[in-house]
Every structure is written in C-alpha cells, then in structure tokens.
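Notes follow the structure.
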Protein chains: 4
Amino acid sequence: MCRWLAYSGSPIPMDALLYKPKHSLIDQSQHAEMGAETTNGDGFGIGWYPIDRVAKQTPGAFRGIGPAWSNANLRDLSEHIRSPLFFAHVRASSGTAVQESNCHPFRHGDWLWMHNGSIRDFARLKRDLLLAVDPELYPEIQGTTDSEAMFFLALTYGLRDDPVTAVERMAGFVEATAAAHGVQDPLQMTVATTEGETTWAFRYSSTGQSRTLFYSTGVDDLRQLHPEVDALRMLSDDARLVVSEPLGAMPDAFNEVPESSYSVIHRGQDQMSAFNPR
Amino acid sequence: MCRWLAYSGSPIPMDALLYKPKHSLIDQSQHAEMGAETTNGDGFGIGWYPIDRVAKQTPGAFRGIGPAWSNANLRDLSEHIRSPLFFAHVRASSGTAVQESNCHPFRHGDWLWMHNGSIRDFARLKRDLLLAVDPELYPEIQGTTDSEAMFFLALTYGLRDDPVTAVERMAGFVEATAAAHGVQDPLQMTVATTEGETTWAFRYSSTGQSRTLFYSTGVDDLRQLHPEVDALRMLSDDARLVVSEPLGAMPDAFNEVPESSYSVIHRGQDQMSAFNPR
Amino acid sequence: MCRWLAYSGSPIPMDALLYKPKHSLIDQSQHAEMGAETTNGDGFGIGWYPIDRVAKQTPGAFRGIGPAWSNANLRDLSEHIRSPLFFAHVRASSGTAVQESNCHPFRHGDWLWMHNGSIRDFARLKRDLLLAVDPELYPEIQGTTDSEAMFFLALTYGLRDDPVTAVERMAGFVEATAAAHGVQDPLQMTVATTEGETTWAFRYSSTGQSRTLFYSTGVDDLRQLHPEVDALRMLSDDARLVVSEPLGAMPDAFNEVPESSYSVIHRGQDQMSAFNPR
Amino acid sequence: MCRWLAYSGSPIPMDALLYKPKHSLIDQSQHAEMGAETTNGDGFGIGWYPIDRVAKQTPGAFRGIGPAWSNANLRDLSEHIRSPLFFAHVRASSGTAVQESNCHPFRHGDWLWMHNGSIRDFARLKRDLLLAVDPELYPEIQGTTDSEAMFFLALTYGLRDDPVTAVERMAGFVEATAAAHGVQDPLQMTVATTEGETTWAFRYSSTGQSRTLFYSTGVDDLRQLHPEVDALRMLSDDARLVVSEPLGAMPDAFNEVPESSYSVIHRGQDQMSAFNPR
C-alpha cells in the first residue's frame, strides 16, 4: 500500500501540501488512517513541472529509499521548489525491493505515473506482462515493480495519445493475463498520470473494493469555510488536489472518487466518468 | 523511543530472536505496542561477540539508516551469524539525525551500549554534558545523540571498572546538569551494556515512570510450557533475554524489570538490585 | 581533499556548470587533476538561492553520501533548478564519517560555507576548538568535521557582520590552539562563504602552500575567445565563478587566486586582498 | 569494469585479504591499476560460506551501494566473519543503476556468481536474453544488470549440474543473440561461480582480449619467499585465490589465467582448460 497526492493550480512551494497541513502526506507516511498499512516507510518520490518550464522539458524528480518522515533533503527541496503541478508518493512495499528505481512517480519523457495498490501474484505474471511491452520501450524499464509494469503497458497501449483508453486496455490486459494463470481478482489500483497540463486519476479494482481516492472541492468555497487555514490563501481558484486520503483539518474539503471511475483535471475543471477495463 | 533486545546463552543465529518469533524485534520496528511511538524506522543496529572470539577482540557491529523491517542485509547477516551474546536495537529518532553514527549499539573497545529513552532538552544541555567527558575519550565520540553522550559519561565515570556505579554517577550528573539549567525530569532510560561476558540492564527515569523493560524467565520452564516453539529448543538452560517489550506468543516468558532497578546477568544467573543516581 | 565551485550571475540551471563542461565538477569527483586525491567520492552537496527568493529565506540544500558521479537525484535536480547564486562541493573524507551532516556546503540561517583542506590532528584539537564556539550556536552543530567547526568559529567571531575579520580570527585561533598542543602547520584551506548577495573566497595555509583556487575571467572576453561554448551564451556579463580547479576546455578562462589572499565578489565586481590570520 | 576476488582454503577473517594486503581489493576500489576504470566506487558485495555451515544453507551475503573504501560496515563485518570460501566484488557501473540488487556476488540457492566485464549494447539485447531464461527462474531476477542476466542464463543451461557447459552455452547464446542484432564482439567477461565446495573461474571475451585474471601460486612456496607477510601464516597449504589483479607486495604470488580458458579449484587442486562458447 502507498499514499499519494497530485496537485495542480497556482505555483506553490511543495511543502505547503507535503508538510504543513495536519495529517499531511508526510504524516501519512508514518500514520496513515485509511490504507491497508499504517506505515509507508519504504521510499518516496516527488515529480514536479518547473515554473519556467521549457517546452517538452521533462518534469523534475527526486526519489529516496528511506522513510519520507525523516528525510532532510525532501523537506528542504519541498520548501525551496515551487511548482504549478506536482506529484508526491510515499511507498509501502508489497514485496519488491526498496530501491530508488522502484520509487514513484515513474517518469517517461514528459509523463509522470504513480500508483497505490498491487497486481496479485505479480511474480508469476511478470514475464507475460513485460513481454507485452513494446520492445522499443522495454529497455527503459528501470525497476522491478508491478506499478512500473502497469505504466509501460499503458505507454504501449497509447497513453500519450489517449490516456483513458490506454489505462483501460492495460487493466483489461492485466486481468486477462491473470485469468490465464488462474489468478483471481488481480488488480487493485488508484493511479495518477499527467503530461504537465492535464491530470488523469483512476480508481479501480477487480473486486470492486478499491483503495480510497479523494478530490478537493473548490478552493473558493473552502476559503470561506476555513479562513483560518494559511495554505488556502496561496492557492488560486483553479487549484485541484487528488489524494489517497484527505489532508488535515478540513473534512469538507474532499469528495470521494466513486468506485470504478476516473477524473480528468485540466485548468481547474474536472470531469468524472466510468472506468471500464478493455 | 526505541526498542531493544539483549541476548546471552548458547550460540544461536541472531534471526532466531530478531525475525522468527511472533512480535519479534523486527516486527516491533514497524508495530511496537508498548512504546511512546509505534514506528521505529529511523535506523537500527546489531552488535555481537563472535563464537570464536579472540581475547579482547571488539564485538562485531552492523548499523543501517533505513528501517530494519525492509533491510535485506540485516536479515541475511542475522541468519548467517551465530553468537553467544548479542545486542539489537531499532531506533525512533527523538530529533537527532538519522545516520549510522547515531545508531545503537555504540561500541568502545570491547564494550557495547544501547539505550531507549532520552534526555529532555538535550540540545541545551549537550555542551555541559560533553565538557564532562574525559578529554582522552572525547575524540572518539562519533555521533550526536544523547544516548552516546550517556555512554561516554559512563565510561568517564569508570564503566569498565564498576559499571553500576558509573551508570549511577552518569544519571546523577545528567540530573544535576539539567537542574542547573532549569530542566525538570530530564532522564528517561532503559540501558543495556556489556563487555562480552556479563550484561547489565538498567531501568530508570527521573519521573519514576520509566519505559518498559522485561527479562526472560528460565528456558527450562518455558520449554515445558511451550513444547511447540522451535526457537526454545536451540537455547541452552542458561539463556537469558532482556527486551523493551516481550517477544511474541509467550506472555509467561517475561517478567517486568521493576522501576528504578538494574539487573546483572552472568552465565545464566541474574541478580536484581535498586538503582540510585549519584 | 575536496573540490568545489561557487557561481554568481544570471540564473542558470546548475547542470550547466556541474555536468556540461568538459572536466566539470562532477568529472572532477571521479578524476581530479590538481588535488591531493584524484577521487572525491565521499559525499557531495549543493546549496542555492532560489530565483524568487523571499527576504531572508534560507538557501536550498541537497546533500548525499554516495559519489556525485552516479547520483541520479543530483543530476536531475541540477537540471531542473535554476539559480543566480549557488555552491557545489564534492568530498574526499580526511577521516571523518561519510554522512550527510558532514557534507558541504554547511548552512546557518541565510549563510553557506564550504571548505577544501583540513585541520591537522583535528581529533586532538577538536574539544578546545568547539569550546570556543558561542554556546548559543553550539547546539546547531550537526556533524563532526573540521570544516563545520571552522564555520561555527567564524560565526562566533562575527561572520555575519564582518566576514573577512571573522575568518581571519578563526584561522588565527586554529593556529594558536594548534601551537598550544604542539601541532605544526595546522591549517590548510580554501573556503567560500556567502549570504546570497556577496561571495567571499579565501585561500590560505599555515605552510604557505595552499590548495589551488581559481576565479573566472570576464564572461565577455570568454565569449569572444570561445564562441563554440554553449554554456557561455546563457551567462550574463557579470557572471563569476570560483573553483578548486578550472573547468574544462577553456584554460584561459581562469586566473589563480594568489597564496594567502581572499576575493570578494559582488554583482560582477571582484576585489582581491591579502589574508592575515589574527 | 569491476574488480573481484575469490578465496578458498582454511577459514580466515575476510579482512585478511580485503583490507590488510598492500594493493588489497579495497585499495583497488579506489586505485585499480589494470582495469578499464581506476575507480570502482559504484557498490560492492561479499558472499561467504559459514564455518559451521548447515547442509545446503545459502551462503551469507552483504551488499552496499556506496564505495567500498569508506564503508564502515564492510570493514567491520570482514574483520568479524571467518570463512573457508568467500567472494568479494567492487563495482564500476557500466550504466545500470547503483542499487543493492545490482551488486555482485549474485546468489541463487547455494550458488554465488560474480562478473567483471559487460555485454555490449545490453539494453538492446536484454529482452531477447531474458526471454531465454527459464520461466520458473525468471521471477527470481532481482536487478537489471547484464551480469545477473548471464547468471540466470547459465542457471537455465544447467549451471548446477555441469557448470562449464552451462557457462559455455550462456556465452554462445549471448554471442548468437548479439549477432542477430548486428552487435559485434558482444561479450567481455571474467566470471567466478561456486556452490561452496568448488570454484570455477572463467576468462573470455569475443575479441580475445579479455580483462585480466590471476590465480595464486602455492602457499607453501610463497611462505618461503615472503616470511615477512603475516597473512600467509594463517593460510593453509591448500589455500587458493583468484583475482582481477594481483594483491600487493608479492608479484611472484600470482599467475595469469590464459585467454579463453577456465580454472576449476577444489580442495587446493586447480585445473586449467580451454573455454569454448557453444
């Protein structure tokens, strides 16, 4: 299990969401409340698009293998880097090695990808799943996780052209491969992906009991409800946040993403639709 | 807060106590039950005396800065090293840096030292405490923790000649120094120390509400009560274990060390006495 | 021995100087030419002032304990962070532990400090040197190096008010303390320090045979001499660089800082003066 | 490029060969003389068979991602662990990530494997090479290196039953796969492998210009030639050492393994034969 956060809106220093809120993502790395595991201490990562991004420049990334809660570099970087769109992830390994190449968000060109969940019996399915990855893309797989395999399958199925269809085909392929091996209910996922402009967030599981996922309500409403919260003041009206579990002191700030659905977030607009593996 | 374990008896592979019991020390690194903190993921260490120890040879040591629960080297080493006397420690930092030089057990010559607890307002007291360390010993301080400062104070006060008096003088000096700075109830400690033959375990706090400490009851009795526990079979009758919280499935295997007392364990004999800071 | 680099001028991505030049600082981490040691693989660090720095905001910092040449995070961060003033350092330990708290640049408030060189017999002198640190500053010492001790002595002697005098007094105190312990020729240093606007660079050793130090000649002249060098195009006319050994393909780009002298660099102006320990 | 060492003979503490000789393996990690790269600072590993090994017990292993020369744990473990048969390896990455799962020696059951060299254009060939790995073994691949792929191919071709044939088939398959992709002269290798009783050491390259490999001459002769060398006294007459480049002060202690050949070492006997990829 893992916890993650995806932000888009006015540029803010990343610590405004990673550290400052009550029950922030870094707090969740030590004391999650909604996940299968309370501790997410098996590595972490951030990926961000620079304020002054040059066209097609890759997003920045920083990953580490210790717990997020004690990492002095993570704290310092998140205080000093402002970004209009960033991902952050804290990891609880489901068995694969704790190493930077297994830390989310994964990156390919200008795309980021992060995942909470797992593929059941991944060790048994891995060879067949990786065989389906485009041979041109195959050499760029860096780590050994199910999450990265899902990313490269989605890239193979056209993530860069039609993200929703690509993720639906990936999910369908994982389920078909699992069925061929006699593995029941293989897929459990909340996934976020972006190319720097639009964020897609997916909630799905083969059993229909997916890990939690929440999206923020409008900042304008929140500011009226919580004039005492500093972090809200620096957010633009179009700021949007998607999270594994709500941050802090504002339970009314977050709505649950429904089971088997996905959300597309672009310049403060978000649209929810049903997710159907193909 | 931290969790620790001190074993002496017949040589056993360290994983017999670190990994195999239910609620083992490594389990406690992720899910402690009795401590101030449930997670002890800020580094770890083991110190052991080799089976074929040459006279005055230092004990072996292995320390790491990530969580114990995901450390492949720790698991492997503890499976492959057998020892008749070893210490193991999992750390939850009370603020000082997560680095190997701050991981317990600390070592000086043939002595080991480990600690659970803290000195309140250590940053304010540190200079005065370190000034009292013997200038000959001072250059050998490697890290920045209160725990190592306590070790070097105890060495200064004669740990190698009269361990109990040295620890009592250390505790008294810490309390006197704190009083001079207006710091109330400064000391909270369970400490274990050894030279490879005898283990001393101390439980004390300025408030009289010390962190928990337990010692194992006789192995012979246990074997009769729990014929189903494999680990017991490899233990000799003189095996003794001191722990921050009981391992696993045998609640009757452990007795609590009383408040403000210490235990001396030597070749299967243990003796309990009152602890009085001087 | 270590290698370091201090840049000020128009904001540039840090990799323009850390990675892109021939014989860049990262190359020097693996194959230095002028130092006492060819390999500087015992940790590294960068410190930078953000483009959009808020008044008195601390500089950003990132430190790591492995070699710089293989660190994926360092490469990525230096590509994605632009700064008008930054320090970078690669370390070869002279004996103290390889841990982040011993990596340069050191930081205190809005000041940065980095050092190449050593204090001879530091272990013997350390206690007396640290005793001279202002007790208010003492608790903020994080690591165990001679370099950080020099920084805190300079802070004690007024670095923030009169940097040159403070460094001269620090050097004088180190030499006097060494003399009292019978240690000959104790100090070897090139040091850079800054508060974000002005950079001071010092070259001094007790023996008068200091580690090398170079400063860049005018960017305008260089651009005419080397129209083929891309990196020069992004530099403003007031860009200044101070380095342990010249970067790459432009031997005419660097002048040696004379023995026992210091340089003050502010908005493209630099001024050289004699350095005299007090 | 990497450096490695394989020892068999009377049980000795590993530091007797890793640290104590002049130009020891750890010295070579910082200053190799014969390799393509002078610095081998991209991780390290040791694998050893315990003195009191239980039947079929796996060998112990310890791996790390920093340089060997500054690793306090490696120094301490090698002082405290005695073994009759151990492998040690220092790594210079040829491009794959610096992470523990890429550090040698690799282990499978009771077998160890380590490698110096590379497969040219491995990224392009990787998919086809891994496809040839036995699907039962495939899930146990932990890292991303060419060296580990070679190990799993050799296991697939029967390493455990007929090591020489298996390694010859592996080499032949790598060369055939490379030819199919238009990659010239793909294989460069010195390899050591063992099951704890016998050590096989291979020297081969597609070009016929393989990395250096040496084996020790008889200990008895050496003792007469070098009565001043302490380490020799603790060695039994049947001790044998295979190394990437000779240790230290005894040039007459080592003979070069000829091009395209392999050596089988068992209880002090060694036998050299020609190596022919199949």
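Worth a mention:
- Test for B:Asn116: is it touching a Cys at 6+ places or on another chain (Cβ under 9 Å) and within 24 Å of A:Asp27 (Cβ to Cβ): yes
- Just one of the listed residues (D:Ser101, D:Ser70, D:Ser83) is within 12 Å of chain B (Cβ to nearest Cβ), over 27 Å from A:Thr144 (Cβ atoms), within 18 Å of the chain's Cα centre (by Cα) and buried (at least 22 other Cβ atoms within 10 Å of the Cβ), and it is D:Ser83.
- Test for A:Arg278: is it touching a strand residue (DSSP E or B) at 6+ places or on another chain (Cβ under 7 Å), in contact (Cβ under 8 Å) with a residue 12 or more places away in the chain and not in a strand (DSSP E or B): no
- Summed over the stretch A:118-153, residues that are of a type outside the set (A, V, I, L, M, F, W, C) and in contact with a Phe, Trp or Tyr (Cβ under 9 Å, 6 or more places away or on another chain) total 12.
- Some residue of the stretch B:45-62 being of a type in the set (A, V, I, L, M, F, W, C), surrounded by fewer than 24 Cβ atoms within 10 Å (Cβ to Cβ) and in contact with a helix residue (DSSP H, G or I) (Cβ under 8 Å, 6 or more places away or on another chain): yes
- Of D:Arg91, D:Arg124, D:Arg120, all but one fail to be touching a His at 6+ places or on another chain (Cβ under 9 Å), away from chain B (no Cβ under 13 Å) and either surrounded by fewer than 24 Cβ atoms within 10 Å (Cβ to Cβ) or among the polar types (S, T, N, Q) (or both); the exception is D:Arg124.
- In the set (1) buried (at least 23 other Cβ atoms within 10 Å of the Cβ); (2) of a type in the set (Phe, Trp, Tyr); (3) within 14 Å of chain D (Cβ to nearest Cβ), A:Phe202 fails one condition alone, (3).
- Output for the stretch C:180-198, where each listed residue is more than 15 Å from C:Phe122 (Cβ to Cβ) and surrounded by fewer than 23 Cβ atoms within 10 Å (Cβ to Cβ): C:Glu195, C:Gly196, C:Glu197, C:Thr198
- For the stretch C:145-162, filtering for residues that are closer than 13 Å to C:Trp200 by Cβ, out of contact with any Pro (no Cβ under 8 Å at 6 or more places or on another chain) and either surrounded by 22 or more Cβ atoms within 10 Å (Cβ to Cβ) or touching a residue at least 40 places away in the same chain (Cβ under 8 Å) (or both) leaves 3.
- Taken over the stretch D:40-61, the criterion of being in contact (Cβ under 8 Å) with a residue 60 or more places away in the chain and either small (Gly, Ala, Ser) or in contact with a Cys (Cβ under 8 Å, 6 or more places away or on another chain) (or both) is satisfied by D:Gly43, D:Gly45, D:Gly47.
- A residue that is at pLDDT 90 or above, away from every other protein chain (no Cβ under 11 Å), more than 20 Å from C:Asn71 (Cα to Cα) and in a loop (DSSP other than H, G, I, E, B) cannot be found anywhere in the stretch D:22-44.
- Boolean, B:Leu112 is more than 21 Å from C:Thr145 (Cβ to Cβ) and more than 14 Å from chain C (Cβ to nearest Cβ): yes
- Sole exception among (1) surrounded by fewer than 24 Cβ atoms within 10 Å (Cβ to Cβ); (2) within 14 Å of chain A (Cβ to nearest Cβ); (3) over 17 Å from the mean Cα position of the chain (by Cα) for C:Thr96, by number: (2)
- Leading residue by the ranking (nearest to A:Pro84 (Cα to Cα)) among those in the stretch A:248-267 that are out of contact with any helix residue (DSSP H, G or I) (no Cβ under 7 Å at 6 or more places or on another chain), assigned to a loop (DSSP other than H, G, I, E, B) and modelled with pLDDT under 85: A:Gly248
- Residue match in the stretch B:64-87 (condition: in contact with a Cys (Cβ under 6 Å, 6 or more places away or on another chain) and over 30 Å from B:Glu228 (Cα atoms)): no
- Selected residue [in contact with a strand residue (DSSP E or B) (Cβ under 7 Å, 6 or more places away or on another chain) and either under 25 Å from C:Cys103 (Cα atoms) or in contact (Cβ under 8 Å) with a residue 12 or more places away in the chain (or both)] from B:Ala92, B:Ala132: B:Ala92
- Residue count, the stretch A:9-20 (criterion: surrounded by 21 or more Cβ atoms within 10 Å (Cβ to Cβ) and either of a type in the set (Phe, Trp, Tyr) or assigned to a loop (DSSP other than H, G, I, E, B) (or both)): 1
- Boolean, C:Gly143 is in contact with a helix residue (DSSP H, G or I) (Cβ under 7 Å, 6 or more places away or on another chain), on the phi < 0 side of the Ramachandran plot, assigned to a loop (DSSP other than H, G, I, E, B) and not hydroxyl-bearing (Ser, Thr, Tyr): yes
- Hey, A:Val257 under 23 Å from A:Glu33 (Cα atoms) and touching a strand residue (DSSP E or B) at 6+ places or on another chain (Cβ under 7 Å) or not: yes
- Residue match in the stretch A:210-228 (condition: among the charged types (D, E, K, R) and either touching a Phe, Trp or Tyr at 6+ places or on another chain (Cβ under 7 Å) or at pLDDT 95 or above (or both)): no
The values are calculated or read from the model by the stated rules, or taken from the named source; none is laboratory data. Just so you know, these numbers come straight off a predicted model, no measurement behind them. Here the Cβ is made from the backbone with ideal geometry for all residues, glycine too, and neighbour counts use every protein chain on show.
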